[in-house]
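Peer 1: First, the structure itself, so that you have it in front of you.
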Amino acid sequence: MKQLTAIITSLACVLLIMTGCSSSSEKGNETKNVDLTISAAASLQDALQEIKKEYEKEHKHVTLNYNFGASGALQQQISQGAPADLFFSAAEDKYETLVKQNKIDKKEGTNLLGNDIVLVEPQQAKGDIQTFEDLPKAKKLSIGTPESVPAGQYAKDTLTALKLWGNVQSNVVYAKDVRQVLTYVETGNVDAGIVYKTDALTSKKVRISATAADDTHDPIVYPVGVIKDSKHKKEAKAFYRYLQTDQAVKIFEKYGFKNLQ
């Protein structure tokens, strides 16, 4: 009888191994580590880095990897097949391009944040440039490349609306993204720059001279959406939902963003 019991026990163990039904393996599958790639506008850098710390504390199995850059450049990367799980743009048109290309489902996307465009000059400057109308005095003015940097397009639109573009265009130093504009101003390589308010607030080396009126440019909207062919759709959707929580919104507002929800 003992021999029969031993045989049955051995057979049961073999079956468990063959079918992978051990309770420990089930638990292991539940906590599979996942790396998420978020392609996000450069102006979101500080806020998203803080959100990363908070999110990863609560979700030990998820690692957030950011790909920061100009929204236009990021959109082109995704259009050409670069891997990404979420796209967080600083402009609606770049986001809508991916929707039209069937890269993002509108049901898994939303307009989350707003921002302002401001004129900044180096902290040590004499203060000659107090308004946008003073910009013709600047020997060098930096803005993002309008074709790929939304902040650059908003800047150009503002200057055009104020009938200043023709007077300053020849003195413009173009930058690859809004953070590069900020660096040019911080180092004194240009006399002034036009950046998002949120970027200006991160630096003690620049001061805000003026804020562009809302009627001088299109509304500044930051849409975020889940990429359709994400290999980690479940985790990508979970992070997308987290970005809309009070906890995340408070962090965005801390860095000067407006909540559009």
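The values are calculated or read from the model by the stated rules, or taken from the named source; none is laboratory data. What you are looking at is a predicted structure, and each value in this text was computed from that prediction instead of being measured. Methodologically, a virtual Cβ is constructed for each residue, glycine included, from the backbone with ideal geometry; neighbour enumeration extends over all protein chains shown. The area values use the complete protein model at the heavy-atom level, side chains included, leaving out ligands, DNA and RNA. Shrake-Rupley method; radii C 1.70, N 1.55, O 1.52, S 1.80 Å.
Peer 1: Only residues that are charged (D, E, K, R) and in a helix (DSSP H, G or I): list them for segment 166-186, please. Quick ask: steps written out before the conclusion?
Peer 2: First, the residues of segment 166-186 that are charged (D, E, K, R): 176-177, 179, 186.
Arg179, Glu186, listed by residue number.
Peer 1: May I pose another question? For segment 97-112, which residues satisfy the criterion of being closer than 19 Å to Ala236 by Cα and of a type outside the set (S, T, N, Q)?
Peer 2: Leu98, Val99, Lys103, Ile104, Asp105, Lys106, Lys107, Glu108, Gly109, Leu112
Peer 1: Moving on to the next point. Scan segment 186-204 and give yes if some residue there is in contact with a Lys or Arg (Cβ under 7 Å, 6 or more places away or on another chain), open to solvent by less than 10 Å² (accessible area, probe 1.4 Å), touching a residue at least 60 places away in the same chain (Cβ under 8 Å) and within 27 Å of Asn259 (Cα to Cα), otherwise no.
Peer 2: yes
Matching residues to (1) under 29 Å from Ala200 (Cα atoms); (2) touching a His at 6+ places or on another chain (Cβ under 8 Å):
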position	(1), (2)
Leu36	yes, yes
Ser39	yes, no
Ser43	yes, no
Asp46	yes, no
Lys60	no, no
Asn67	yes, no
Ala70	yes, no
Ala73	yes, no
Gln80	no, no
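Peer 1: In addition: Looking only at segment 208-257, count how many residues are surrounded by 17 or more Cβ atoms within 10 Å (Cβ to Cβ) and in a strand (DSSP E or B).
Peer 2: The number of residues fulfilling the criteria is 9.
Peer 1: For segment 119-165, name all the residues that are of a type in the set (Gly, Ala, Ser), open to solvent by 30 Å² or more (accessible area, probe 1.4 Å) and assigned to a helix (DSSP H, G or I).
Peer 2: First pass over segment 119-165, keeping only residues of a type in the set (Gly, Ala, Ser): 125, 127, 138, 142, 144, 148, 151-152, 155, 161.
Filter again for open to solvent by 30 Å² or more (accessible area, probe 1.4 Å), leaving 125, 148, 161.
Matches in segment 119-165: Ala161 only.
Peer 1: For residues that are more than 12 Å from the chain's Cα centre (by Cα) and touching a residue at least 12 places away in the same chain (Cβ under 8 Å), scanning just segment 54-71, find the one that is surrounded by the fewest Cβ atoms within 10 Å (Cβ to Cβ). So that I can check it myself, show each step before the final result.
Peer 2: Looking only at segment 54-71, we keep the residues that are more than 12 Å from the chain's Cα centre (by Cα), and these are 54-64.
Restricting the remaining residues to those that are touching a residue at least 12 places away in the same chain (Cβ under 8 Å) gives 54-55, 59-64.
Values: Glu54: 13, Tyr55: 20, His59: 16, Lys60: 9, His61: 11, Val62: 18, Thr63: 14, Leu64: 21.
Among those that are more than 12 Å from the chain's Cα centre (by Cα) and touching a residue at least 12 places away in the same chain (Cβ under 8 Å), it is Lys60.
Peer 1: Quick one: which helices (runs of 4 or more DSSP H) sit completely within segment 32-109 and have at least 2 residues that are more than 19 Å from Asp177 (Cα to Cα) and of a type outside the set (A, V, I, L, M, F, W, C)? Step through it out loud before you land on a result.
Peer 2: Working: elements: 45-58, 71-79, 92-100.
So the answer is 45-58, 92-100.
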